[in-house]
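Coordinate-derived values only; no laboratory data. Please read all numbers here as calculations on a predicted model, not as lab measurements.
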Amino acid sequence: MVKKLRWIFALPVVVGFALLTPLSAPSFGGRAIAAQVRVPATGLAIALADSGPLPPSGGAIEAGLLSANIPSGQTGGIVALAAGTLHAAVVGLNRTAADASLADVNLTISGNGITAAFLMARSTATCGTGSALAGSSQLASLVVNGEPIAVNGAANQSVALPNGSVVLNEQIPSVAGGTGRLVVNALHVITRDPLSGQSLADVVLATADAQIQCPTGLVLSEPVAAADPVFTDGGGWIPVSADKGTFGLLGGFASDGTPTGHLAYVDHGVDLAIESTSITAFAASACASKMSGTGTGHMGGVSGNVQFNLGMQDGGEPGRNDIFEIHVTGAFTYDAGPSALAGGNLQIDGTFAGGKLLAHGNTC
């Protein structure tokens, strides 16, 4: 299911979620949001492609939008934002994994211009042996006020603005006993009035918030790997003949065993856009999955109902060898891939049924 633009009246940069008392299985929490815009002077707060909070029992939640546009008139002339293929998802198995992404970003904030071809944030919190919290961001073709930015990959890289700052790959960890949380923001922009110092605008693009509370006797760490994954999640883009195809997706099974998820896909070269209305089939092996569904779309002036089939391969971290393909029939026909991702990430992970973890399949 694709969730549409949602208005909210309070929007902190870090989205909170209460974790429960430790039980015999992990207690999960987290949230993913593609874009957040806040203008304190007007009280305006907007969230785009907001997954909502992950329940303590885990499972998968998601949101997606083909495109989003916040005109400057809506924010009193302070912020304008346009972006495409917005995606947000959180999966709770015996770890929590959250990711959010968006493409073709064009942001104007307090007189500053920021563009990016693609932004993605990823965060995980785990129980077992190994690393407790892990996060990363991808920022492709980032330009700030006309200057290309060399993204070094380090957490909390800062870029100065005349009236504020930009933080790249912002990471905010919190660990206490068996409870862990990591919020990753791919891009966080704050502007201030140069005289009063008061906040003018606060924009966060691609937020991944992963939380977990481990059972008594276990510590925060990486879970033991096993086979047979049941969720595929991610976003990115592949080269296509005339331009690029960007996507955001989640596929898997709900706790009752029915297929669930979403797809947003845009091919900029042929004016094609597809948004899912239902997921009809999902199947996965150790590092590959297939997903089918129905949706609506348009291509070259033709629009209507479509059916799609997807193929995904997880080639390991951080996504350089992942593969994506899409085949569309119905109101029009379209094929792209299989092609290696030019950016982004696909994660094929876990076995989850009947509300309980059966296995964890992060072996790719």
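Under 5 Å from the amide H of Asp322 lie the amide H atoms of Gly315, Leu341, each residue being 5 or more positions distant or on a separate chain, with H modelled from the backbone and absent for Pro and chain starts. Here the 3J(HN,Hα) profile of the range 55-62, calculated from phi with Karplus coefficients 6.51, -1.76 and 1.60 at θ = phi - 60°, is x, x, 6, x, x, 9, 10, 7 Hz, Gly and Pro shown as x. Separation of the range 258-317 and the range 87-166, taken as the distance between their Cα centroids, equals 24 angstrom.
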